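Read through the structure below, which is laid out as structure tokens, and then see the notes.
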């Protein structure tokens, strides 16, 4: 009787050890099989413009891209840069690097090319960004393509006589042709202030107190820029959507930052 109980006890212990071993083995397999499974890589690829494409100012083209494993609520922005050799900046060569910003990932976007882009080689960049905090920005660049200027000939005007290929459109409020990135189309009464800055630079700012949506700036380096009103804790702040250009003014003072650097400093009115 004594040995029978001992045998049963030994059998129970062996069974318990075997069961524990089985559970550990299964758990290890599940952990290795699923917990270390690599996440699918997000892919963003620009399809158009393609290599050696030539796109002409004044015409509309389709920018196309492919998104794979990208969060569905990400938004798309498109930027442009000119490929070197970089020539010295002259009047008419300054352009906003932001083409589009903050729209849904549709895989394509129609783009009417403005004449603000000088002829040459360019690259477009597609940026997929999370709408909330955190997350990773996914970017991809197009192949190098060319922008050519449309030769202005008779008939290339709209019904109001505005040169379409040059980016002009009719502003009913001001009764004239203008380019919206240079001047705000509004019937509101304007006030103009001239600021004198360091290094003999100047800013001529046109405000619209009754319609304070934009400020029109003429800079001493021959740039004309219309910038939208932005949030500010103190004073008035006007900025491009990507914050690459910011105009601050408070009382009789002002300054401009571009890509985080102050380019027009210690600006004051003559009053």
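The values are calculated or read from the model by the stated rules, or taken from the named source; none is laboratory data. Since this is a predicted model, take the numbers as computed values, not measurements. Because the Cβ atoms are built from the backbone with ideal geometry, glycine has one as well, and the counts that use them run over all protein chains shown.
The requirement of being outside the structural domain of residue 221 (by TED's automatic domain parsing), surrounded by 13 or more Cβ atoms within 10 Å (Cβ to Cβ), modelled with pLDDT under 60 and assigned to a loop (DSSP other than H, G, I, E, B) is satisfied by residue 93. For residue 197, indicate whether it is surrounded by 12 or more Cβ atoms within 10 Å (Cβ to Cβ), over 18 Å from residue 116 (Cα atoms), outside the structural domain of residue 116 (by TED's automatic domain parsing) and without any contact (Cβ under 8 Å) to a residue 60 or more places away in the chain. Here the answer is no, as residue 197 does not meet what is asked.
Quick check, is residue 134 at pLDDT below 90, within 23 Å of residue 242 (Cα to Cα) and not assigned by TED's automatic domain parsing to the domain that holds residue 245? Yes, satisfied.
Restricting 72, 80, 76 to residues that are out of contact with any helix residue (DSSP H, G or I) (no Cβ under 7 Å at 6 or more places or on another chain), exposed (fewer than 10 other Cβ atoms within 10 Å of the Cβ), modelled with pLDDT of 85 or more and assigned by TED's automatic domain parsing to the domain that holds residue 143 narrows the list to 72. Within the range 220-236, the set of residues being outside any strand (DSSP E or B) and either surrounded by 14 or more Cβ atoms within 10 Å (Cβ to Cβ) or not assigned by TED's automatic domain parsing to the domain that holds residue 207 (or both) comprises 220, 223, 232.
Yes or no, residue by residue, for (1) touching a helix residue (DSSP H, G or I) at 6+ places or on another chain (Cβ under 7 Å); (2) surrounded by fewer than 20 Cβ atoms within 10 Å (Cβ to Cβ); (3) farther than 26 Å from residue 185 by Cα:
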| site | (1), (2), (3) |
| --- | --- |
| 249 | no, no, no |
| 256 | no, no, no |
| 259 | no, yes, yes |
| 262 | no, yes, yes |
| 266 | yes, yes, yes |
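Test residue 165 against the criterion of being touching a residue at least 60 places away in the same chain (Cβ under 8 Å), part of a loop (DSSP other than H, G, I, E, B) and more than 21 Å from the chain's Cα centre (by Cα), and give yes or no. In short, yes.
Yes or no, residue by residue, for (1) more than 27 Å from residue 77 (Cβ to Cβ); (2) part of a loop (DSSP other than H, G, I, E, B); (3) within 21 Å of the chain's Cα centre (by Cα); (4) in the same structural domain as residue 116 (by TED's automatic domain parsing):
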| site | (1), (2), (3), (4) |
| --- | --- |
| 193 | yes, no, no, no |
| 216 | no, no, no, no |
| 238 | no, no, yes, no |
| 254 | yes, no, no, no |
| 262 | no, no, yes, no |
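Tell me, please, whether a residue that is more than 24 Å from residue 98 (Cβ to Cβ) and out of contact with any helix residue (DSSP H, G or I) (no Cβ under 9 Å at 6 or more places or on another chain) can be found in the range 211-232. Scanning the range 211-232, I find no residue that is more than 24 Å from residue 98 (Cβ to Cβ) and out of contact with any helix residue (DSSP H, G or I) (no Cβ under 9 Å at 6 or more places or on another chain), so the answer is no.
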